[in-house]
Amino acid sequence: MKLKVVLIVCIFSFELFAANPLDLRSTLNALVGSNKTITLPKGEYQLDMSGNLQSYVFDGLQNLVIDGNGSSILCNRQTRAFDFLNCTNVTFKNFCIDYQPLCFSQGVITSISTDRKTWEVRIFNGYPYSNINNDKMDVFDASTKKLKNNYKTFYTASFTISLLGNNRILININESSGGALAKVSDLVTLNCDGIGAIRPHCIYSESCKNMKFQNDTIFGSNSFSMFESDCENSLYQNCVITRKTNDPTVEIPRLRAGNADGIHSKHAVIGPTIEGCKIEYNDDDCIAINGRFYPIYKVDATAKRIYLMSTDKLVDVKVKLNDSIVCVDNDGHVKGNSKIQDITSAVMSASERQACINYFLGGLHNETKYQNGIVITLSQWVTGLKSGDLIYSKQRTGCGFTVRNNNVGRNRSRGILIKASNGVIEGNTVEGCQLAGIILSPEFYWMEAGCSSNVSITNNTVKNVLYGSSSAGQRQPGAISVTSVNGSSVFSPSGVFNNITISGNSIENCPQPCIVVTSGSNIQITGNTINTNLSMVRTHGSSLGVKNNVIIWTTNLDSLFTDSINKKKDEPVSVFVDAFKNMHLRPAIGTIVQKVILYDHAGRKIKNVLNKNTSGEIILSMDECNRGCYVITYFSEKSAHSLKFMY
């Protein structure tokens, strides 16, 4: 039987490589520089990275179109495929990229101990075995081939792996209830270590302008599938990041695409346009756009100097001379803006470093790497700056972005995660994310900036998200979340977000609350259609005060305007004020009202009345209210409705 299996694998290998794929490196070397448009002869190519060979690098190119012509590229080592460095007006299109060996492994649970903490797993033929690691593990339902409902991702601290031989491993869960819902026949995916010197990501762009990626397909990556840093005005159009379903070298089809984010943009001077892309089954966020926070460890108000803690040396920090910077309090709100007049290295003492770290109760990612001091001189002092506050460059967070008409999801994390300003998120379909669907949120733990303003989230469809197991500390607990959790691990006060519109979106089959907004001003939530899944009860964010008995949950807002939330055209609802200054709200017959909120014309909350299991007419006194325009919002069991009226 063993001999038979070996013969089958050999046949697969022969079929995959019998055509003797062309060598991509030598083919590109011959074509680059020959014309302003180079077209690869369509075929199957191998990007050879054996030995010490690394990615294929395009450096300093201008005004060039590189057309893969639908060719398939097979990378023979789990490292980066392509680098684009300092390129301008370069288009890379019509490539299909995959890896062999694969960048992850996959198996089936064959037995579970009585205490649920020890699983035996058989790794399927064709997937890596000897180099599996415990960086991350996901569990899939055997029948649906989807991530398991009401479950979680396991990380390094949660489990260990032992190799048993014969393609079998032993997984030991270190959590008391971590294995409770797993069952024999469930499927698991696991990360694996690459062979040799490894560089992360499949396609990487750095310091490029007007890059275009069009109609490119990526089936695998050791980290992000497409990653850009310090770029300007990139376009990702009609690209596909997904799992390959017809791989003849594996025993059962793949469950995963890349090992981390789909398209990730950092420090963009002008944010990317991402449109018409399909990003699914990757093992982290589908789309992410952000900049970089730097914690302040010391201030000198007299000299207008602030001292920053950094993981990088001066040459690599993402704040530069003459940059406009945003100063953010440790509690999360924006304190003010200034400009960098001078920037240089500084010597940071161990005590200064530790004191700064202590301000971040939720911890800092890569905390031990904060070993470098940076001092900047401001053009004007921002009142109240202190140790533990943060700054970020306004020019390097991806402002001016567009995320439009994409189809994303079916992943273990989030759909669209934005930290930039002056952008639009519109017409996207987000489905099947284990966590939230669309998010605006600075994240102190990751030091990912910034504080979004002037962003519209419109006409998107968000379905079947947040189905993972309840997380009381979940900081983005709504299908659409605009939230900020500060260094003290509580929701920030107002002053983080400004001028955010959430309008015309459809939210389906998600747990309550469906929209969560905190810490902002000039927030508009209008015309959204929301159909909750009342059977999917989660307690996401409960330790932060989030309630799961409402459709929309907000806190720490200066100005909120809501109108026409899931309002049916044929619903006989009326509101009026009588001669005795009483407002009468008459919901549809049979409607049970749980909560009523009255707002003034500026979106300020005037009254918050709980009316659990109240039916029929609802009366509120307007005696203490000034004449003007008001909005009444009432929440029933399945929906929310808003009406505008004059008093």
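Per residue, the convex hull spanned by the alpha carbons of the chain comes to 176 Å³. Excluding residues on the same chain fewer than 8 positions from residue 145, give the aspartates and glutamates whose Cα lies under 17 Å from its Cα. By straight Cα distance, residue 145 reaches 186, 247, 251, 280, 283, 431.
Counting only DSSP beta bridges with both residues in the chain, the antiparallel share comes to about 45 percent. When peptides 325-335, 466-476 are ranked by their average number of other Cβ atoms within 10 Å per residue, the highest-first order is 325-335, 466-476. Among 144, 88, a tally of other beta-carbon atoms within 10 Å of each Cβ gives an order, fewest to most, of 144, 88.
Neighbour counts of other Cβ atoms within 10 Å put 44, 228 in the fewest-to-most order 44, 228.
Note on the range 332-449: dipole from Cβ charges, positive end direction compared against 354, 418, 385; the farthest Cα belongs to 418.
Would you work out if the range 291-396 is rounded, prolate or oblate? Take a ≥ b ≥ c from the square roots of the eigenvalues of the alpha-carbon gyration tensor; rounded if a/c is under 1.5, else prolate when a/b is larger than b/c, oblate otherwise. Rounded.
Its relative contact order, with pairs defined as Cα atoms under 8 Å and 6+ residues apart, puts the range 322-464 at 22 percent.
Pull out a ≥ b ≥ c, the square roots of the eigenvalues of the alpha-carbon gyration tensor of the range 36-78, then state rounded if a/c is under 1.5, prolate if not and a/b is larger than b/c, and oblate in the remaining case. Taking the square roots of the gyration eigenvalues as a ≥ b ≥ c, the range 36-78 is oblate. For the pairs 93/152; 266/386; 36/313; 152/266, flag any whose C-alpha to C-alpha distance is greater than 32 Å. Cα-Cα > 32 Å for 93/152; 36/313; rest within.
Ranked from largest, the principal axis spans of the Cα set of the range 426-484 equal 30, 28, 13 Å. The Kirkwood radius of the range 13-156, taken over pairs of alpha-carbon atoms, gives through the Stokes-Einstein law at 37 °C and 0.692 mPa s a diffusion coefficient of 178 µm² s⁻¹.
Could you tell me which of rounded, prolate or oblate describes the range 401-449, using a ≥ b ≥ c as the square roots of the eigenvalues of the alpha-carbon gyration tensor, with rounded for a/c under 1.5 and, failing that, prolate when a/b is larger than b/c and oblate otherwise? Verdict is oblate for the range 401-449.
Please state the charge dipole magnitude for the range 104-192, taken about the Cα centre, from unit charges on C-beta atoms (+1 on K and R, -1 on D and E), reported in debye and rounded to the nearest 20.
Rounded to the nearest 20 debye, it is 160 debye.
Dipole magnitude for the range 291-396: about 240 debye, using +1 per Lys or Arg Cβ and -1 per Asp or Glu Cβ, origin at the Cα centre. Rounded to the nearest 500, the helix-only mean residue ellipticity at 222 nm of the chain stands at -1500 deg cm²/dmol, with each DSSP H run of n ≥ 4 adding -39,500 (n - 2.57).
Ordering of 448-457, 204-213 by packing is 448-457, 204-213, highest average first (other Cβ atoms within 10 Å, averaged per residue). Which pairs in the list 148/419; 394/419; 136/547; 244/463; 117/148 are over 19 Å apart, alpha-carbon to alpha-carbon? In this structure, 148/419; 136/547; 244/463 lie more than 19 Å apart at Cα. By the count of other C-beta atoms within 10 Å, a proxy for reagent exposure, 137, 646 are ordered fewest to most as 646, 137. Between the range 103-177 and the range 355-398, the C-alpha centres lie 39 angstrom from each other. The separation of the range 490-551 from the range 22-55, counted between C-alpha centres, amounts to 48 Å.
Positive contributions from Lys and Arg (+1) and negative ones from Asp and Glu (-1), summed over other residues with Cβ under 14 Å from the Cβ of residue 382, come out at +3. Ranked by the mean number of other Cβ atoms within 10 Å of their residues, highest first, the peptides 90-99, 360-369 fall in the order 90-99, 360-369.
A Cβ-based charge dipole, computed about the Cα centre of the chain with Lys and Arg at +1 and Asp and Glu at -1, lands at about 640 debye. Bridgeable aspartates and glutamates around residue 212 (alpha carbons under 14 Å apart, same-chain partners fewer than 8 residues away excluded): 67, 83, 228, 232, 275.
A straight line joining the Cα centroids of the range 436-479 and the range 265-339 runs 18 Å.
Throughout, read-outs are computed from the coordinates displayed, never taken from laboratory work. Fair warning: this is a prediction, and the values are worked out from it, not measured in the lab. Counting neighbours? That spans all protein chains shown, and the Cβs are built from the backbone with ideal geometry, glycine included.
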